[in-house]
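Some notes on the structure that comes next.
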Amino acid sequence: MSTFFAILFYVATLILVGGVVYKVYDYARTPAPLNIPTTPAPTTASGVAFRMFREVAFFESLFKANLWIWALGWLFHVGLALVLLRHLRYFTEPVNFIIAFIQPFGMYAGFAMAAGLAGLWARRFLVERIRYISTPSDHLMLALLLGIAGTGLLMKFVMHTDIVAVKTFFLGLMVFEINPLPTHPGLYLHLGMVVLLMIIFPISKLLHAPGVFFSPTRNQVDNPREKRHLAPWAAELETKNWMELPPRSLRSLPPEGAQASLGTARRET
Ligand code: HEM
């Protein structure tokens, strides 16, 4: 079982890291041709950084939109952050004093996380409008996270596992050494679901975590009057005389929108 889990964790880590890096690269190179910040929006870059911080730390726009979902969502995310920080003790030796300090808070954060998740999941059944738009993957993500939290809390409070051996196993994996993992059904379930979460993360809605930083309505400066917004590919178009280029090079340029506006420009000239 130890070797099985070791292989699973190596594969899952490769998929998680490779997948997220690729997706972030994809987001970063996606053109944002229009200036569309949600107003009122900051008029300076530092203002945008502050807005983004408020969005990520406090879910500001959700707070303004729906207080119930905000409370449940924030409870879950803050709980998750503390739980993950608390888990760093399994991967570091010596344990940083900040990680040691938050241990007791992290424990109760497990309950906060589970309560937030349960509320968010109940909403998908109880609110008719939300039930109608919920897909199996929405339910799967919530079930998986709740399953991980549930088995974790079970290990913490009901059926204990040998956490020193768990730590030895994970510290070993980092230097390509396989140490025995405790034989414990709760731990197997907990880790199995963590592996599944790691594998599906790069193709799931959970990508909103890195994705929020690439949202044009949040990361753009509201300065269309002071500064003409010009996407890099559009700037390139402006330096060329399109009437003299063969049609093929037109086709290789950014699709649809750009092509359409080019068509108009050609007809006008
Ligand atoms: C390889 C990664 C992970 C390992 C080795 C691991 C291991 C463990 C262990 C051994 C416990 C029991 C703690 C104790 O008895 O004191 C636990 C608890 C818990 N785990 Fe994990 N876990 C991992 C990932 C995760 C993830 C990704 C989540 C959340 C999505 C999570 C959520 C929880 C929760 C909520 C608890 C109960 C509260 C606590 O003790 O912090 N775990 N985990």
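The values are calculated or read from the model by the stated rules, or taken from the named source; none is laboratory data. What you are looking at is a predicted structure, and each value in this text was computed from that prediction instead of being measured. Note that we place each Cβ from the backbone using ideal geometry, even for glycine, and neighbour counts take in every protein chain shown.
Please work out which residue is surrounded by the most Cβ atoms within 10 Å (Cβ to Cβ), limiting yourself to segment 44-82 and to residues that are polar (S, T, N, Q) and without any contact (Cβ under 8 Å) to a residue 12 or more places away in the chain. Step through it out loud before you land on a result.
At the first step, the residues of segment 44-82 found to be polar (S, T, N, Q) are 44, 46, 61, 66.
Next, only the ones that are without any contact (Cβ under 8 Å) to a residue 12 or more places away in the chain stay: 46, 66.
On the way: S46: 9, N66: 12.
By that ranking, first place goes to N66.
Of the helices (runs of 4 or more DSSP H) lying entirely inside segment 57-126, the ones with 3 or more residues being within 10 Å of the ligand (Cβ to nearest atom) and closer than 22 Å to M141 by Cα are found at 67-87, 97-126.
Those residues that are aliphatic (A, V, I, L, M) and crowded, with 17+ Cβ neighbours inside 10 Å, I need them from segment 112-126; list them, please. If the condition is that a residue be aliphatic (A, V, I, L, M) and crowded, with 17+ Cβ neighbours inside 10 Å, then A112, M113, A114, L117, L120 are the ones that fit. Within segment 29-47, the presence of a residue that is modelled with pLDDT of 95 or more and within 19 Å of the chain's Cα centre (by Cα) is excluded. Every condition in (1) out of contact with any helix residue (DSSP H, G or I) (no Cβ under 8 Å at 6 or more places or on another chain); (2) touching a residue at least 40 places away in the same chain (Cβ under 8 Å); (3) charged (D, E, K, R) holds for R123 except the one numbered (1). One residue stands out among those in segment 83-97 that are touching a residue at least 12 places away in the same chain (Cβ under 8 Å) and more than 22 Å from L117 (Cα to Cα): the one that is surrounded by the fewest Cβ atoms within 10 Å (Cβ to Cβ), which is E93. Consider segment 230-239 and keep the residues that are aliphatic (A, V, I, L, M) and part of a helix (DSSP H, G or I). The one that is farthest from F170 (Cα to Cα) is L237.
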